[in-house]
1. Out of (1) touching a Phe, Trp or Tyr at 6+ places or on another chain (Cβ under 7 Å); (2) open to solvent by 20 Å² or more (accessible area, probe 1.4 Å), what's the single condition that is false for LYS47?
2. Give the range 38-56 a look and list any residue that's in a strand (DSSP E or B) and farther than 12 Å from VAL22 by Cβ, or say none.
3. Which condition does GLU34 not pass, out of (1) modelled with pLDDT of 95 or more; (2) open to solvent by less than 30 Å² (accessible area, probe 1.4 Å), if it passes all the others?
4. Within the range 11-31, work out how many residues are surrounded by 16 or more Cβ atoms within 10 Å (Cβ to Cβ) and closer than 13 Å to ALA92 by Cβ.
5. Being touching a strand residue (DSSP E or B) at 6+ places or on another chain (Cβ under 6 Å) and among the hydroxyl-bearing types (Ser, Thr, Tyr): is that true of SER79 here?
6. Tell me the residue from ARG71, ARG102, ARG91 that is surrounded by 15 or more Cβ atoms within 10 Å (Cβ to Cβ) and basic (Lys, Arg), please.
Amino acid sequence: VKPRKEAAKAKNEAIRDVEVIVRHAVEEDHPPDEEVRVTVKSNATMKAVKEALIKHLGKPELLQTCRLVQRVGENGAFSGFKDSEKLNNRRALLVLGIPSLRTAGDEALDLKAPSDQ
């Protein structure tokens, strides 16, 4: 048995679907429980996570403006992830630049809902 072949096989088997929770980075401007769960491959890049998020929301126009970030330091600052950065073991991410994590369809239903309740 060739060790190199086994290592490659093990590496391929390690790639699986994982669920990532995305929440607003700045909670003051959004409902506290608003979050999205997207499924990507375990070897995904941050760009793939953003694309999955935008596809789920049905808002392709936000792809260029949204940023996945992480908190840094004690003062509430954020550091953005590069699109090429790997997801690795992260399963919860923060996003900036998206007004709402509700799908375009959900927002459209709200606009059509009767306001005389």
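1. Among (1) touching a Phe, Trp or Tyr at 6+ places or on another chain (Cβ under 7 Å); (2) open to solvent by 20 Å² or more (accessible area, probe 1.4 Å), LYS47 violates only (1).
2. Let us first name the residues in the range 38-56 that are in a strand (DSSP E or B), namely 38-41, 45.
Those that are in a strand (DSSP E or B) and farther than 12 Å from VAL22 by Cβ: LYS41, THR45.
3. Unmet condition: (1).
4. The total comes to 6.
5. On the way: touching a strand residue (DSSP E or B) at 6+ places or on another chain (Cβ under 6 Å): yes; among the hydroxyl-bearing types (Ser, Thr, Tyr): yes.
Spelling it out, SER79 is indeed touching a strand residue (DSSP E or B) at 6+ places or on another chain (Cβ under 6 Å) and among the hydroxyl-bearing types (Ser, Thr, Tyr).
6. Details: ARG71 fails: surrounded by 15 or more Cβ atoms within 10 Å (Cβ to Cβ); ARG91 fails: surrounded by 15 or more Cβ atoms within 10 Å (Cβ to Cβ).
Answer to the selection: ARG102.
The values are calculated or read from the model by the stated rules, or taken from the named source; none is laboratory data. Not measured: the values here are computed from a predicted model. Cβ sites come from the backbone with ideal geometry, for glycine too, and all protein chains shown count toward neighbours. The accessibility values were calculated without ligands, DNA or RNA, using every heavy atom of the protein model including side chains. Shrake-Rupley method; radii C 1.70, N 1.55, O 1.52, S 1.80 Å.
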